[in-house]
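What follows is a short report on a single structure.
The values are calculated or read from the model by the stated rules, or taken from the named source; none is laboratory data. What you see is a predicted model, and the numbers here were worked out from it, not measured in a lab. FYI the Cβ positions are ideal-geometry reconstructions off the backbone, even for glycines, and counts take in every protein chain you see. To get the accessible areas, we keep the full protein, side chains included, count just its heavy atoms, and leave off ligands, DNA and RNA. Shrake-Rupley method; radii C 1.70, N 1.55, O 1.52, S 1.80 Å.
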Amino acid sequence: MTRFFVTPEEMAGPTPCLTGDNAAHARVLRLKPGEQVLLCDGQGQECLCQVENLTPEGLALAVLERRESCAEARVRVSVYMAFPKGDKLEHVIQKATELGAYEIVSFPSARCVSRPDAKSLQKKLERWQKIAASAAEQSGRGQIPQVLVLGSYREALERAAQADSGFLFYENEQATTLQMAMTGFAGTTLSLLTGPEGGLEASEVEKAQEAGLQVCTLGKRILRCETAPLCALSAVMYATGEF
């Protein structure tokens, strides 16, 4: 069934109407009166509708059922990734959205090569949020993960530590595995933090421990910076019963 993301205001009315880009997309799909579509407000609520008629302005819909989305993960997992080079973050945003991440947060760290300035960052944020929205629509999500950028590593630690549990993944950690760290976890929020191409400095790992994050290993192999957060997220989704 075709899924469209609309604003909560657009979905709240008794007779929703698809307009703008959504209407253009519906025309490309050649939707006809009588066919069903699913509207999502991007915040976990959805509305099953039937196409009533096509107008020059858009598609008029009739509401069949309003309900809470069943596609969202029980545990809200926040993915924290230090700024990577190139378009690696775009890849992580897309795939983390498909896997069920609640939000994707990027931040600078000592070994980051990429340090976007404020002007370019605003454009990038707009693009990153569109990537998340597109991936959410494609994967049947009921919620669009928010993409955030923080100004410092300290901010990232403070924010990540507010979750019920927070894990930092470090290639030199050998004792604690993610499976061990997840033992007994019964919370509803979880933070996963990974570093850039050059990894995190030892002092940064110490600061994470001081902030309350658990330092973990993702195995004996060193993963690329764009692989590590997706590996960790997949493992957490499995451990919390999503797969």
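Within the range 109-123, how many residues turn out to be buried (at least 18 other Cβ atoms within 10 Å of the Cβ) and either modelled with pLDDT under 95 or under 25 Å from Gln43 (Cα atoms) (or both)?
Number satisfying all stated conditions: 1.
Among the numbered criteria (1) under 24 Å from Glu197 (Cβ atoms); (2) assigned to a helix (DSSP H, G or I); (3) over 20 Å from the mean Cα position of the chain (by Cα), which single criterion is violated by Gln174?
Every listed condition holds for Gln174 apart from (2).
Sort through Ala186, Ala208, Ala232 and tell me the only one that's at pLDDT below 95 and of a type in the set (A, V, I, L, M, F, W, C).
Selected residue: Ala186, the only one of Ala186, Ala208, Ala232 that is at pLDDT below 95 and of a type in the set (A, V, I, L, M, F, W, C).
Are any residues in the range 81-115 over 18 Å from Glu126 (Cβ atoms), free of Cβ contacts under 8 Å to residues at least 60 places away in the same chain and part of a helix (DSSP H, G or I), and if so, which ones?
Hit for the range 81-115 is Glu98, nothing else.
So, Glu68, is that one open to solvent by 60 Å² or more (accessible area, probe 1.4 Å) and touching a residue at least 60 places away in the same chain (Cβ under 8 Å) or not?
Yes: the conditions hold for Glu68.
So, of the residues in the range 198-213 that are among the small types (Gly, Ala, Ser) and part of a loop (DSSP other than H, G, I, E, B), which turns out to be farthest from Ser165 (Cα to Cα)?
In this case the residue turns out to be Gly198.
Just for the range 150-160: of the residues that are at pLDDT 95 or above and open to solvent by 40 Å² or more (accessible area, probe 1.4 Å), which one is nearest to Tyr102 (Cα to Cα)?
So, considering only residues that are at pLDDT 95 or above and open to solvent by 40 Å² or more (accessible area, probe 1.4 Å), the one nearest to Tyr102 (Cα to Cα) is Arg159.
Against the condition within 26 Å of Thr97 (Cα to Cα), in contact (Cβ under 8 Å) with a residue 12 or more places away in the chain and either exposed (fewer than 13 other Cβ atoms within 10 Å of the Cβ) or touching a strand residue (DSSP E or B) at 6+ places or on another chain (Cβ under 7 Å) (or both), how does Val63 come out, does it pass?
The answer is no for Val63.
Filter the range 124-149 down to residues that are open to solvent by 40 Å² or more (accessible area, probe 1.4 Å) and closer than 22 Å to Thr240 by Cβ, then give me how many there are.
Of the residues in the range 124-149, 3 are open to solvent by 40 Å² or more (accessible area, probe 1.4 Å) and closer than 22 Å to Thr240 by Cβ.
Taking the conditions exactly as written (within 16 Å of Ala136 (Cα to Cα), surrounded by fewer than 19 Cβ atoms within 10 Å (Cβ to Cβ) and not acidic (Asp, Glu)), does Ser78 satisfy them or not?
Against the criterion (within 16 Å of Ala136 (Cα to Cα), surrounded by fewer than 19 Cβ atoms within 10 Å (Cβ to Cβ) and not acidic (Asp, Glu)), Ser78 does not qualify.
Do you know which residues across the range 36-80 are of a type in the set (Asp, Glu) and farther than 19 Å from Pro145 by Cβ?
Glu52, Glu57, Glu65, listed by residue number.
Given the conditions (1) assigned to a loop (DSSP other than H, G, I, E, B); (2) closer than 13 Å to Val105 by Cα; (3) among the basic types (Lys, Arg), which single one is not true for Arg159?
Failing condition for Arg159: (1).
Every residue, every condition in (1) surrounded by fewer than 18 Cβ atoms within 10 Å (Cβ to Cβ); (2) within 30 Å of Gly199 (Cα to Cα), yes or no:
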residue	(1), (2)
Thr15	yes, no
Ala24	yes, no
Pro33	yes, no
Leu39	no, no
Gly42	no, no
Cys49	no, no
Glu72	yes, no
Lys88	no, yes
